[in-house]
Amino acid sequence: MKTNIFAILLVVMAGTLLTTSCENDNINPYDYVNQSNDENGGSEDVLTTRLAQYPKNSIVWTHDTTLTGSVEIPEGTSLYIEQGVTVTCKSDVQVPIELVVLGNLYCMGTAEEPVTFTSGRKQPADWGGIICGYNAGEVVLSHVDIAYAGATPTESSYSYQNRLFKTTIDGGVPAFHFCNVKGRFVIADCYFHDNYNDQTYFTGGNGVICHNIFADSGNAADGGEAINVKSGCKLDVAYNLIYNACTNALKLSNAGNNDSIPLTEMTVYNNTIVNCGWRRSKNKKGGSIWVEKAAKPVLVNNLIYDCRFGLKQPKKDGADMESSVLTPNYYYASTETGVKQMANGASLGIWLDTDFHSSVAGEGDPLFNHFTQSPSMNINCEVDDASKGAPLAFDPSWDFHLASNSPALTGGKTNVTRLFPSGLAFFGMKKVIFLNTTNDQDYYFSCPAAASYFGAYALQ
């Protein structure tokens, strides 16, 4: 954590510089604490709020706000969103609202006061998402709740005008997209839910993704992955819960690589994946984890529970098996259909004898502390209707820690080499001087080392 050498002085300064607006007032997105004549470019002065002092050329959002139009953060500019701030995107607008990050974004939530992105109607596809540019340098999503994104852009959308993610109007955008192979991002302790398409989509970047919940991803018409990775990425992905991704929990690929884009490297371990893949049974795609296009991940200690398939690959362009580490993982099925679709010889499946697989329905139940499975669950249902077998809506009260007698508590691989064992540094966070140690936040983010159990949660 950073040392606040000037904390006492800055507390005094904060008292003289703060505005008198109520913290729950709506504000203009560019109406940061110290006014500037440059509406889009950030402040030419150091900014001080009740929490921290920010560097020059910053935009700081300190209040709840309702966005009536999209916001673009220019290159060279950093937007900081302070803990507890709720950003509500209006849904009754002609052009879906987006936050397009051409510069840097730092969402600095805490467990007690997360940053929240939501919508007026609180329905999937109410707004677009957080879409980053090719030169976006740093993005920190720490304790952030992101919901109801995934709307289809128009030709007037900032993401379309900047040729980001969509170059044709043929579907919605992800809730978060990063594409700079030289940039860095972290998604830590976040809650993505009820987003209409992919929760996250990466076409480049160095990233740490840990301790998140990705729930109720996508829709029956257009699909949706929780974590969709293409070429140009270097990622540590660990200790995440992925529930009800209608296509895949993880789609790992090197698609899109050329001489200027490096092959993707991924270390994926100790994730809990539940009830994924019910959408696409007719074409046999999707399920839980899909590896394709010469991907060569380290993929171990993951707990896959009642998903349509286990680990799968296309027949011709799937995982680089010689360079990958794909075992041990834990595959549990409570139904005979699930057992068959994860069995040795299942279509497009990758079978490894060192994994655990249920040989009969219900064998090896990992014994979650509290989870309610859909009583009519059908992992091939193809419709988003719980009465016809689709997963129940995610319940935050569920507890996916393992019981003391769980068979999944042992057998995991601990000698996993992380890509960022010392963490990723976010220099825009380093420049923030918090006013006291209670509010202080670190600027290094890393995934914890691999554990000997399967899944994201051991004993509580």
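The values are calculated or read from the model by the stated rules, or taken from the named source; none is laboratory data. The shown structure was predicted, so the numbers you read here are calculated from the model rather than taken from an experiment. Here Cβ is always computed from backbone atoms with ideal geometry, including for glycine, and neighbour counts include all displayed protein chains. All accessible areas refer to the heavy atoms of the entire protein, side chains included, with ligands and DNA or RNA removed. Shrake-Rupley method; radii C 1.70, N 1.55, O 1.52, S 1.80 Å.
Quick notes on this structure:
- Check on ASP306, of a type in the set (Asp, Glu) and either in contact (Cβ under 8 Å) with a residue 60 or more places away in the chain or crowded, with 20+ Cβ neighbours inside 10 Å (or both): yes
- Every residue from the range 277-303 that is of a type in the set (Gly, Ala, Ser) and either open to solvent by less than 10 Å² (accessible area, probe 1.4 Å) or within 20 Å of the chain's Cα centre (by Cα) (or both): GLY277, GLY286, GLY287, SER288, ALA295
- LEU348 within 29 Å of the chain's Cα centre (by Cα) and at positive phi: yes
- Residue list for the range 223-269, filter: at pLDDT 95 or above, aliphatic (A, V, I, L, M) and more than 14 Å from the chain's Cα centre (by Cα): MET266
- Apart from one condition, ARG418 fits all of (1) in a loop (DSSP other than H, G, I, E, B); (2) exposed (fewer than 15 other Cβ atoms within 10 Å of the Cβ); the exception is (2).
- Among the residues of the range 84-112, those identified as open to solvent by 20 Å² or more (accessible area, probe 1.4 Å) and closer than 28 Å to LYS182 by Cα are LEU102, ASN104, THR110.
- Only strands (runs of 3 or more DSSP E) whose full extent lies in the range 80-140 are considered here, and the ones with at least 2 residues that are within 15 Å of MET429 (Cα to Cα) are 104-108.
- When ASP384, ASP395 are screened for being surrounded by 14 or more Cβ atoms within 10 Å (Cβ to Cβ), within 25 Å of the chain's Cα centre (by Cα) and among the charged types (D, E, K, R), only ASP384 passes.
- GLY455 touching a strand residue (DSSP E or B) at 6+ places or on another chain (Cβ under 7 Å) and in a helix (DSSP H, G or I): no
- Just one residue in the set PHE454, PHE426, PHE445 is among the aromatic types (Phe, Trp, Tyr), over 29 Å from VAL46 (Cα atoms) and open to solvent by less than 40 Å² (accessible area, probe 1.4 Å); that residue is PHE454.
- Screening PRO262 with (1) within 28 Å of ASP399 (Cα to Cα); (2) in a loop (DSSP other than H, G, I, E, B) gives one miss only, at (1).
- Any hit, the range 149-162, residues being surrounded by fewer than 20 Cβ atoms within 10 Å (Cβ to Cβ), at pLDDT 90 or above and within 21 Å of GLY256 (Cβ to Cβ): yes
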